[in-house]
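Working notes for the structure below.
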Amino acid sequence: MKHWGAFASILAKDMRTYYLKPPNVSWGLVFPLAWTGMFFVRSGANPSELRSLLPGVMTLAVLFGTTSLLAVAITFEKKSRSFERLLLAPVPLSLLMFAKTAGAILFGVLNAFVPVLLAAFFINLSGTNWPALLAGVILTAVSSAFLGLLVAVSVAEVFEAQTISNFFRFPMVFLCGLFFPLERLPAWLRPLSYALPPTYGADIMHQAIGRPGFLPLWLELLILIAFCLVLFVASLRTINRRWIA
Amino acid sequence: MLDAPAAVLTRGLVKRFGEVLAVDGLDLEVRAGELFGLLGPNGAGKTTTINLLTGLARPDRGEFSIAGLDCTRRPRSAQHLIGVVPDESNLYPELTGFDNLSFCASLHGIPRRERAARATKLLSEFGLAEAAGRKFAGYSKGMKRKLTIAAGIIHHPSVLFLDEPTTGIDVQSARHIRQLIADLHRAGTSILLTTHYIEEAERLCGRVAFIVSGRIVRTDTVAALLEPVRERQLLELTVSTNPGAAIELLSRAFGEARFTAVDDSRIRAESSAPLPVGPLVRALEEQGIEVIEARRVRPTLEEVFVATTGLEATALRTEKEKK
């Protein structure tokens, strides 16, 4: 119970401190919002096209929102050595890191629903499987946050974290079936798509709004949970190896 | 009644960073309730030692315990017992002084209402009450240092690690911080203090260890360390010219004493027998060397440190302060 007080404090501090930091605003808010606007304008408010675009822009908003916030929240504190305060606290490392990612997960989830709100003005969203949509958004946010965590704990500067994140964020936009189906990718690229968590997140969201998916919903949820665990354990190991060396 | 376990106990602690042996077989004991000083130059391994003992680094070899808790295999297992004040003030720049303290208290599981009470009390004790609502980023260096110490003790640790607490801050703040450290010690906190200020170690600590190149070269009480130099007679003369000629002259005239240059204008005279000031000054003035000041100097731990380690304390101090 004591530890959860620390968890809540870390989460509240990160939300207060980092949500409006310039690197997060530009990469985590403005960039996905601009893409959303661009796609919505291009669709000409065509309901069928808007519906097909929605899971893609939601995944994009989650991916950029979570990874950008972690790039800021971890590397700033590592550089100023205030992260040592957390490592000196009598709180298990796994809970500390979960607390550090919780702000990013929440940011990613909130970010994901901005396109939904905008879309609600143009299309009828009734018939959406909301629990599945929410589960898809949350698991995409958690796996993206842990991916961002892995990058953030491996570098020293905010710009390094943002740059390295871009190496996988931009290819993911095209490889994960965000804006066109995986079947349209060359066959040799598809295995790479299946190795990326947002592929499953986007597909869950497609299914949630009544579009066909390439795997059963339950299986995609399980795969995303497995991705989350692997990425989290890899991040903890990196911290143990590099930061408590 | 059983003796309380040592606040800090290390046996053969070794830490290597690539080719650099930062800590080389460190044996150290800080007794319960003791204010223990780890005195050494920049790069001697003081901060690495603190990092090892507080779970921020892992030893390559050796064993250590904190307040009787064996931390060798699980370096973070004594986090609930310790407080740490690092060599750099590392609180959160965007948070206010009050919020920083409350946040640090929350990390140690202190309930919300208690956090506010402790933060308010500490801010008042550290003379920061008026700055409680200001962001940490806007604090002066001395204020930052004080708040960092307050953050290190808000959870009432039984063992406190203070890494260079007064480095790089103004004289008044340094004096206040020393007073606060002495008060903490009086209140029963075991303290391991690292410093490169010899006079700080001498004034505050019960026992002192000299650390050089990751090894402890000597450990004892300040009184015992000073014993060999206590009877030495020291005199410092400030002259108007380069001290070289004056030293030559004095060495010829007063063979029983040893004369050395302290800097461009000061000479130190050292002898086992009392040194009369008048004849020394007259001897110089007769040769046209004006003596601006002559004063007796109390032998300090600096003499012992220099004699034990072979290092020039002044040069090392300057190097650190440039950082």
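Here are some notes:
- Calculated over chain A, the projected area of the Cα convex hull averaged across directions stands at 13.3 nm².
- Exercise: per-residue mean of other protein chain Cβ atoms within 10 Å, A:86-95: 5
- Nearest-10 value in Å² for the accessible area of B:His156, using the 1.4 Å probe: 130
- For B:Cys71, residues with placed amide H under 5 Å, excluding near neighbours: B:Phe64, B:Ser65, B:Ile66
- Taking the centroid of alpha carbons for each part, the stretch B:1-62 and the stretch A:167-245 are 45 Å apart.
- Of the complete DSSP H runs in chain A, those spanning 15 angstrom or more by Cα along the long axis with a mean Kyte-Doolittle score not below 0.5 are A:31-43, A:47-79, A:93-119, A:130-152, A:158-175, A:217-242.
- The mean number of partner chain beta-carbon atoms within 10 angstrom of a residue's beta-carbon across peptide B:91-104 is 3.
- Label-point gap, in nm, between A:Leu185 and B:Val306 - each point 7 angstrom along Cα→Cβ: 7.1
- A straight Cα-to-Cα reach below 13 Å connects A:Lys13 with the aspartates and glutamates A:Glu77, B:Glu94, B:Asp99, residues fewer than 8 places away in its own chain not being considered.
- 3J(HN,Hα) along the stretch B:155-160: 9, 6, x, 8, 10, 10 Hz, from the Karplus curve 6.51 cos²θ - 1.76 cosθ + 1.60 with θ = phi - 60°, whole Hz, x for Gly and Pro.
- Each residue of the stretch B:78-88 was assigned a 3J(HN,Hα) from its phi angle through the Karplus curve 6.51 cos²θ - 1.76 cosθ + 1.60 (θ = phi - 60°); the sequence is 10, 4, 6, 9, 10, x, 10, 10, x, 6, 10 Hz, with glycine and proline shown as x.
- Per DSSP, loop chymotrypsin sites (Phe, Trp or Tyr not before Pro) in the stretch A:38-122 with at most 11 further Cβ within 10 Å: A:Phe121
- Accessible area of the protein assembly as shown belonging to carbon and sulfur atoms, whole % at 1.4 Å probe: 59
- Along the stretch B:204-221 the Karplus relation, 6.51 cos²θ - 1.76 cosθ + 1.60 evaluated at θ = phi - 60°, assigns HN-Hα couplings of 9, 8, x, 10, 9, 10, 8, 10, 9, 6, x, 10, 7, 9, 6, 9, 5, 6 Hz to successive residues, with x for each Gly and Pro.
- When all alpha carbon pairs of the protein assembly as shown are counted in 10 Å bins from zero, the resulting P(r) reads 3, 15, 21, 18, 14, 12, 8, 4, 3, 2, 0 %.
- Accessible surface, the stretch A:2-242, averaged per residue in Å² (probe 1.4 Å): 41
- Residues whose amide H comes within less than 5 Å of that of B:Ala22, counting only those at least five positions distant or on another chain, are B:Lys15, B:Arg16, B:Phe17 (H built at 1.01 Å from N in the peptide plane).
- Accessible surface buried by the A/B pair amounts to about 2500 Å², both sides summed, 1.4 Å probe.
- Derived from the Cα gyration tensor, the three semi-axes of the equivalent ellipsoid of the stretch B:125-190 are 20, 14, 11 Å, largest first.
- Once you reduce the stretch B:108-138 and the stretch A:25-93 to the center of their Cα atoms, the two points are 34 Å from each other.
- When B:Arg296, B:Arg266 are compared by accessible surface with a 1.4 Å probe, the order from highest to lowest is B:Arg296, B:Arg266.
- Along its first, second and third principal axes, ordered by size, the stretch B:233-298 spans 27, 21, 17 Å in Cα coordinates.
- Computed across the stretch B:1-48, the Kirkwood radius stands at 12.3 Å (inverse of mean 1/r, all Cα pairs).
- Cα-Cα over 27 Å, subset of A:Lys79/B:Lys46; A:Lys21/A:Lys78; A:Lys79/B:Lys15; B:Lys46/B:Lys141; B:Lys46/B:Lys135; B:Lys15/B:Lys135: B:Lys46/B:Lys135; B:Lys15/B:Lys135
- Note on the protein assembly as shown: antiparallel DSSP beta bridges, both residues inside, total approximately 70 percent of the bridges counted.
- Chain B - share of DSSP beta bridges that are antiparallel (%, nearest 5): 70
- Take B:99-105, B:304-310 and order them by the average number of nearby Cβ atoms within 10 Å per residue, most first; the result is B:99-105, B:304-310.
- Rel. contact order, % - alpha carbon contacts under 8 angstrom, at least six apart, the stretch A:2-242: 25
The values are calculated or read from the model by the stated rules, or taken from the named source; none is laboratory data. None of these values were measured; they are calculated from a predicted model. FYI the Cβ positions are ideal-geometry reconstructions off the backbone, even for glycines, and counts take in every protein chain you see. Only protein heavy atoms, including side chains, enter the accessible area calculation; ligands, DNA and RNA are left aside. Shrake-Rupley method; radii C 1.70, N 1.55, O 1.52, S 1.80 Å.
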